[in-house]
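Structure record follows, encoded as structure tokens.
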């Protein structure tokens, strides 16, 4: 056998390739296979649900499509592309929602839309990352405060129960000793004064008095010093120095997005926050969108905050929805944080799966 053709060397090479595949390629293959299986399951479900719908639902969808086409092709462009309408379109561009109801038709408008999205989408992601740090701090602080309050309440309840048991046992022991108590006569005032005069002041106590007087004198000297002027206050408060303040601002910019990575909130709590957040908007939105009920508004808000944006739900008054732009930005960040926590849970699940496979393999 040649050195490269020795059976032991070939076997070791196969083992090394196997471990290299298991360590490097298997996690990626596992993720891709999971996504493919998820897509196949989704196709199976939607083909069964949407493929068996009745014809009257299809006619309703066709009527909505005709209304949309009439609005798109025969609507007034000046009314459609007013300032508020254009602002709504810009929000759908840099938030990557893209409903599809409003889109540029002219060639300059298409090029301008691409250029606008090229700079607007990174800016939107930067705002979302910065707001993610703020929301992560608020959620972490609130969750930790809630757990501390819960532990304090439980500790006080347990302490109260223990104190009650101790008091009951003490009262029972006092009731048993009641017959053995001997009452003494109160001390005379002369005996009290005689006992007080017999106490001697220790030398350490006089030394403490001297130290206390020196501290008072030093405080008086400090109060007598002149106060710093308006432009000298930075020397007594180094935090107000412009250089230190600039470095602090740069550090804050460098740390953008790191608080979200350290967020440790239960996944079920985050899902509850997302559900309540969307439900609040779904309860308010039908007040000016008369064609939407709570279910339709909930669906629309979820599609918006997850940046899916099918475009199947058209707003009658999109200008009013612009006032909820802050709601959209905050809601998108909450959904992103929820997805991040879900991703962490999936990674931990994959780690446990790999550990189980490695355990059975060995």
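The values are calculated or read from the model by the stated rules, or taken from the named source; none is laboratory data. What you see is a predicted model; the values in this text were computed from it and never measured. As a convention, Cβ positions derive from the backbone with ideal geometry for all residues, glycine included, and neighbour counts pool all protein chains shown.
Structure notes:
- On the stretch given as the stretch 255-280, residues that are touching a helix residue (DSSP H, G or I) at 6+ places or on another chain (Cβ under 6 Å), farther than 13 Å from residue 139 by Cα and modelled with pLDDT under 90 total 2.
- Hey, residue 141 assigned to a helix (DSSP H, G or I), surrounded by 12 or more Cβ atoms within 10 Å (Cβ to Cβ) and modelled with pLDDT of 80 or more or not: no
- Of all residues in the stretch 100-112, none are at pLDDT 80 or above and under 22 Å from residue 270 (Cβ atoms).
- Some residue of the stretch 335-355 being within 28 Å of the chain's Cα centre (by Cα) and under 21 Å from residue 87 (Cβ atoms): no
- Matching option when the condition is surrounded by 15 or more Cβ atoms within 10 Å (Cβ to Cβ) and not in a loop (DSSP other than H, G, I, E, B), among 360, 302: 302
- Only one of the numbered conditions (1) more than 17 Å from residue 270 (Cα to Cα); (2) in contact with a helix residue (DSSP H, G or I) (Cβ under 9 Å, 6 or more places away or on another chain); (3) assigned to a helix (DSSP H, G or I) is violated by residue 126, and that is (2).
- Of the criteria (1) closer than 21 Å to residue 123 by Cα; (2) free of Cβ contacts under 8 Å to residues at least 24 places away in the same chain; (3) part of a loop (DSSP other than H, G, I, E, B), which one residue 339 fails: (3)
- Only a single item in (1) more than 19 Å from residue 339 (Cβ to Cβ); (2) at pLDDT below 85 is not met by residue 116, and it is number (2).
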